[in-house]
Every structure is written in C-alpha cells, then in structure tokens.
Amino acid sequence: MSQVRCRCGEALDVPADGPERIVCPRCAAKIRVRRTKKVGDIDGFIRFSCPCGRRLKVRASGSPDAGKCPDCGRVVPVPETNTRPDPAIGNPEAVTQELSPEDVARLERWARERLAQTGQGPAPAPAPVPPPPSTVKMEAGLRVCPSCGRPVHLGATVCRNCNALVPKR
C-alpha cells in the first residue's frame, strides 16, 4: 500500500489495485492516483515528452523513429530507452519536499514583516454573521427592506410589503 499527500497536507493510504481517483476526507478534494507500470508490463505504447512540455505516446509496434506533437507540431525523435528519468526541478511531476521548521519560521517572519510594512497587521477574526430569519427565504437578486425585513428585488426602490423607500446600495 502506498501513500499520497493531498494539497491540504493529509496523507492518504492508497491500495495498489484501488480506484484511479480518491477523495480526501479532510478537504474533499479529488485526487488522481498515477500508477507506474512495472518493468514487465507493456501496453504497446512508448511514452516520452516533447520540448514544449506535452506528453506524447506512439505505438511501439514497428519501432517508430519519431512522433509528432499535436500542440507545437514538432517532430520529436523517440528516445532510445523507455526508462523514465527523474523529473527535473520545476516539472509538475517532480516530487516536492516538505518545508523544514526553519523555512516555515522564516516564511512566517517574512509574512509578519510584510504585513507590518503595508500597515495591515494581522488579519482580524471575521465578525460572526447572524443567521437570516428562518421564516424568510432569500434568493439571489434580492435585498432586505430596512423597515420590515422582507426581501425586495434589486431593481425596486419601494418595498411591496410596507411601501417604505429602499435605498440602492
């Protein structure tokens, strides 16, 4: 059983023969599980990358010399071996390392200094929003009358219920 790490930081156990997509129980993100083929597994294709970044695959039958990229139109020669080198830094498939505690502390210090320079300071906690009255159902495109608390259409200037003037904000 292998592990996959979600964007939120949750480590998930993935069975070897499990589904192609899993859902993170912490943030409900859908994660695509990429499984590498074993050395003995051959599916009839040779996979390689174009210099523009597009992944190409050509049929292995007949030992092709090159493949044409559908994005940039280049004719890319098929590499000699089908071994996949470690992805370079900056490649989206490259394995990323966790930040060290020193790096995390440095990043937090930088964020505090940056907020102090802009005069924003730490973000205040959001004020609790009172729930709307349970008897009135609000819909998109409506405002609330300041007098009676009933919904008023966005384009209206007078409340239908109490005939009060409703300012447009």
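Every number in this text was worked out from the coordinates using simple rules, so none of it is lab data. Since the structure is predicted, the reported quantities are computational estimates derived from the model, not experimental observations. Note: ideal-geometry Cβ built from the backbone for every residue, glycine included; neighbour counts use all protein chains shown.
Worth pointing out:
- Extending 7 Å from the Cα toward the beta-carbon at both S2 and S61 defines two label points whose distance is 2.9 nm.
- Less than 5 angstrom separates the built amide H of H153 from those of R143, all sequence-distant by 5 or more or on a different chain.
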